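Colleague: Sending over a structure as structure tokens; questions will come in a sec.
The values are calculated or read from the model by the stated rules, or taken from the named source; none is laboratory data. From a predicted model like this one, the values you see are computed outputs, not experimental measurements. Cβ placement follows ideal geometry from the backbone for every residue including glycine, while neighbour counts extend to all protein chains displayed. Just the protein is used for accessible areas: all its heavy atoms, side chains included, with ligands, DNA and RNA removed. Shrake-Rupley method; radii C 1.70, N 1.55, O 1.52, S 1.80 Å.
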Amino acid sequence: MRRRDVLVGTAALAAIGLNPVAASAATRPRPGAVRGPALTFSDYPVVARVRAQRALEHLRVLSDQIGPRIAGTQGELRAKDYIAGVLRGLRYQVTVQPFAIADKFLGSVQVGHDMWQTGSSPQGLQDVTREALVVDVGDGSTLPADLTGKIVLIAAVQNNADAYLLATQRGAVAVLLGRIGPDPARRLGAFSPTLATPVSIPVLGLAQVHVERLRQRLGTGQVLVRVSAVQHKNLMSHNVIAEQPGRDDGVVMVSAHYDSVPGSPGANDDGSGTVLCLELARVLRHLPTTKTVRFALWGAEEYGLLGSRHYVNQLTDADAQRIEGCFQNDMVATSYDPATVYWLLSVDGADNATTQAVAAAAKRLGYDPSVRGPVARGSSDHVPFFERGIAAGNFSWRGETGPAVLEPTYHTPEDTIAGNVSAERLQVSLELIGAAAYDLLRR
């Protein structure tokens, strides 16, 4: 970029509150970029202001303090209140949109001072607590004749399908079913087991890491465990929608889901997308736009895109036609080394206003060698928008060989800030989506 362009740009940007030092800093090569940027006027106030460290402050609340945010449960409700509070503090017009969801079957395992969240089988006993010594029976192909008063651990790559039933018949007071992944590059998370035959004891589904930790303790002696199974009924999940009106009738959306799967603190999936939205809301709040900027944080994505589907289904045809693009951010900060590609994902693999805007921003900022797509992929909250005829894309860091390559800690208790979040990749995501969305907002 020529010195004259920088001077003219910084003088103009002073009018919207961006000082020359910050504007000049924005012209330096971006983190991880292969060359210096070639910024447009609308890029400056975004790339000079967005800060991954600010976003991480929100992520520490969501992932470290609140933890698992299962749809409709207390964790998701606390996250909803936090997100709405942040957006109201930024003076957005905030709407909390409730919708009913199905019961959730969850459990907990307490070992000493450690408490692990699990899934619970709907075919097992609910709303009970049991405390007993653990007996590890491996894959469950052979069991002791008498398991009276014991909690039985069954965990292998391939578990005996009837072991839980036999353990019940032999007197077990609870069964812990664990899943062990056959591929060392794929860890397995907590789950709610589906049983062929209902039983009168709680049956919980443990994540692989918790099986490993429990077996480590068993290696040093007897282990006393306290387990609980709970059916959460009459649940409501919520979308949090925040907007700032523009001068014309168009709307540009930036979105993410804030719930997580059982047992997972959901740092990358999708706390990272959630805090990207909160940080961009801070930056875009005071910038002039032609179109309305609307942030949407979805509840209950992990149970079938329920929040985004509810939102899209409530739109009138006129409201849907106003939306010129939805930038969906799902898993935008993993620290997994092979996840070197920032993927542009559309349901049909075709370009649309969002994928085109991000690709163009990547070229201006010098990130384009790391960006690929668009390629066809659903499985996130851009799908309901596509089905309604609204331009939408999903944006995510994933493996070089294809967007199906996810980090080993995906959907596990190990999806933590310390174990699975890169501040540098989060910064890149912030700049790409921020620059792309603001460009679309100003058109």
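Colleague: Work out the length of the dipole vector of the chain about its Cα centre, built from +1 on the beta-carbon of each Lys and Arg and -1 on the beta-carbon of each Asp and Glu, and round it to the nearest 20 debye. All intermediate terms of the calculation are to be shown ahead of the outcome.
Modeller: Numbers: 43 positive and 42 negative charges, 269 e Å.
The dipole magnitude comes to about 1300 debye.
Colleague: Counting only other residues whose beta carbon sits under 15 Å from that of Asn329, what net charge do I get with K and R as +1, D and E as -1?
Modeller: -4
Colleague: Hey, another quick one. Comparing Gly349, Gly67, Gly112, which has the greatest mean-square fluctuation in the GNM of the chain with Cα pairs linked when under 10 Å apart?
Modeller: Of the options given, Gly112 has the highest mean-square fluctuation.
Colleague: Short version: ³J(HN,Hα) in whole Hz for each residue of the range 114-129, in order, from phi by Karplus 6.51 cos²θ - 1.76 cosθ + 1.60 (θ = phi - 60°), x for Gly and Pro, what are they?
Modeller: 8, 10, 10, 7, 9, x, 10, 6, x, 8, x, 6, 10, 6, 9, 10
Colleague: If you count the DSSP beta bridges with both ends in the range 59-197, what percent of them are antiparallel, to the nearest 5?
Modeller: 40
Colleague: Residues with beta-carbon under 14 Å from that of Ser308, excluding Ser308: net charge, scoring Lys, Arg +1 and Asp, Glu -1?
Modeller: For residues surrounding Ser308, the net value is -4.
Colleague: Let me ask something else. Based on Cα coordinates alone, diagonalise the gyration tensor for the range 89-138, multiply each eigenvalue by 5, take square roots, and list the semi-axes in whole Å, largest first.
Modeller: Equivalent ellipsoid of the range 89-138: 37, 17, 9 Å, largest first.
Colleague: Express the relative contact order of the range 356-443 as a whole percentage, based on alpha carbon pairs under 8 Å and six or more residues apart in sequence.
Modeller: 39
Colleague: Efficiency by 1/(1 + (r/R0)^6): what FRET value for Asn234 and Val61, r their Cβ-Cβ distance, R0 = 25 Å, to the nearest 0.05? Walk me through the intermediate numbers first.
Modeller: Values: r = 27 Å, r/R0 = 1.08.
With a Förster radius of 25 Å, E is 0.40.
Colleague: Divide by every residue of the chain the summed helix terms, -39500 (n - 2.57) for each DSSP H run of at least 4, and state the resulting mean residue ellipticity at 222 nm, rounded to the nearest 500 deg cm²/dmol.
Modeller: Estimated from H runs of four or more residues: -8500 deg cm²/dmol.
Colleague: Return the percentage of antiparallel bridges among DSSP beta bridges fully within the chain, rounded to the nearest 5 %.
Modeller: Taking every DSSP beta bridge within the chain, about 55 percent pair in antiparallel fashion.
Colleague: Could you run the Karplus curve 6.51 cos²θ - 1.76 cosθ + 1.60 with θ = phi - 60° over the range 232-240 and give me ³J(HN,Hα) per residue in whole Hz, x for Gly and Pro?
Modeller: Using θ = phi - 60°, the values come out as 8, 10, 6, 8, 10, 9, 9, 9, 10 Hz.
Colleague: I've got another one for you. Could you work out the equivalent-ellipsoid semi-axes for the range 176-313, taking the square root of 5 times each eigenvalue of the Cα gyration tensor, largest first, in whole Å?
Modeller: 42, 18, 12
Colleague: Could you tell me what percent of the accessible area of the range 221-297 is made up of carbon and sulfur, with a 1.4 Å probe and every protein chain present?
Modeller: Of all accessible area on the range 221-297, carbon and sulfur atoms account for 48 percent.
Colleague: Follow-up. Tell me the accessible surface of Leu77 in square angstrom (1.4 angstrom probe, heavy atoms of protein chains only), to the nearest ten.
Modeller: My reading of the accessible area for Leu77 is about 50 Å².
Colleague: Not counting ligands, DNA or RNA, and with a 1.4 Å probe, what is Asp146's accessible surface area in Å² rounded to the nearest 10?
Modeller: For Asp146, the solvent-accessible surface is approximately 100 Å².
Colleague: Just the number, please: percent antiparallel of the DSSP beta bridges in the range 97-178, rounded to the nearest 5.
Modeller: Counting DSSP beta bridges with both partners in the range 97-178, the antiparallel share is about 45 percent.
Colleague: Same structure, new question: Using only the Cα atoms of the range 366-422, what are the Rg and Dmax in Å?
Modeller: 13.8, 39
Colleague: Sort Asp139, Asp259 from largest to smallest accessible area, using a 1.4 Å probe on the heavy atoms of the protein chains.
Modeller: Most to least solvent-accessible, the answer reads Asp139, Asp259.
Colleague: Additional query: Along its principal axes, what span do the Cα atoms of the chain show, with the longest given first and each in whole Å?
Modeller: Its Cα atoms span 84, 44, 37 Å along the three principal axes.
Colleague: Residue-wise, which Karplus ³J(HN,Hα) couplings in Hz belong to the range 389-399, taking 6.51 cos²θ - 1.76 cosθ + 1.60, θ = phi - 60°, and x for glycine or proline?
Modeller: These are the phi-based 3J(HN,Hα) values: x, 9, 4, 7, x, 10, 10, 6, 7, 8, x Hz.
Colleague: Pull out a ≥ b ≥ c, the square roots of the eigenvalues of the alpha-carbon gyration tensor of the range 289-443, then state rounded if a/c is under 1.5, prolate if not and a/b is larger than b/c, and oblate in the remaining case.
Modeller: In terms of gyration-tensor shape, oblate.
Colleague: Considering only protein heavy atoms, with the full assembly of protein chains and a 1.4 angstrom probe, order Asp64, Asp319, Asp270 by accessible area, largest first. The partial results should precede the final answer.
Modeller: On the way: Asp64 100, Asp319 65, Asp270 0 Å².
My answer, sorted largest first, is Asp64, Asp319, Asp270.
Colleague: Moving to a separate point now. Mind ranking Phe327, Phe191 by accessible surface for me, highest first, 1.4 Å probe?
Modeller: Phe191, Phe327
Colleague: Could I ask something else about it? Could you report the accessible area of Ile154 in Å², rounded to 10, computed with a 1.4 Å probe on the protein chains as they sit in the structure?
Modeller: Counting only protein heavy atoms, Ile154 exposes about 0 Å² to solvent.
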